[in-house]
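Trainee: A single structure is presented below for examination.
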Amino acid sequence: MQTRLFRPPYGEQTVLARIEAGLMGYEVVGWSVNSGDWHESDPAVLSRYLLEMVEPGAIVLLHDTLFDKGVAAHETDPEHRAWPDRRAMLQALETVLDRLSGRYRFVTVPELLASGAPRRTFWFKKSAVRA
């Protein structure tokens, strides 16, 4: 199975990068809810936030790992030190899925895109390269 979906790292992309991804056959997909799981260690805080923010059609950003070669990623923001232990996120996710299971149907991004017209929002980062 080959995916044609692409999430830009940190959600950052230039106009040129977006065009190139499209020319290569990729559908660029972002998210509508940033869980904050990379810096929050309290599962109650994470689940409360997600329960407030999730709505029909939402794409929730979660991280399966925060390490690159044994070093925690996302250490550039002094206010939000990375929390590499995934247990809080997993506990919060279990709570959210339990509480929303009767009201929502949880699907993959391809299933979501196939179910209707996507809501498109473009955001771009200025390129550091100057001509």
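The values are calculated or read from the model by the stated rules, or taken from the named source; none is laboratory data. A quick note: this is a predicted structure, and the numbers were derived from the prediction, not measured. FYI the Cβ positions are ideal-geometry reconstructions off the backbone, even for glycines, and counts take in every protein chain you see.
Trainee: Is it the case that some residue within segment 52-73 is modelled with pLDDT of 90 or more, on the phi > 0 side of the Ramachandran plot and surrounded by 10 or more Cβ atoms within 10 Å (Cβ to Cβ)?
Mentor: Within segment 52-73, one or more residues are modelled with pLDDT of 90 or more, on the phi > 0 side of the Ramachandran plot and surrounded by 10 or more Cβ atoms within 10 Å (Cβ to Cβ).
Trainee: List the number of the failed condition for Arg18; all other conditions in (1) basic (Lys, Arg); (2) within 26 Å of Gln91 (Cβ to Cβ); (3) over 15 Å from the mean Cα position of the chain (by Cα) hold.
Mentor: (2)
Trainee: In segment 93-104, how many are loosely packed, with under 11 Cβ neighbours inside 10 Å and in a loop (DSSP other than H, G, I, E, B)?
Mentor: 3
Trainee: Let me ask you something else. Hey, any hits in segment 75-85 for a residue that's surrounded by 15 or more Cβ atoms within 10 Å (Cβ to Cβ), assigned to a loop (DSSP other than H, G, I, E, B), within 15 Å of the chain's Cα centre (by Cα) and at pLDDT below 90?
Mentor: no
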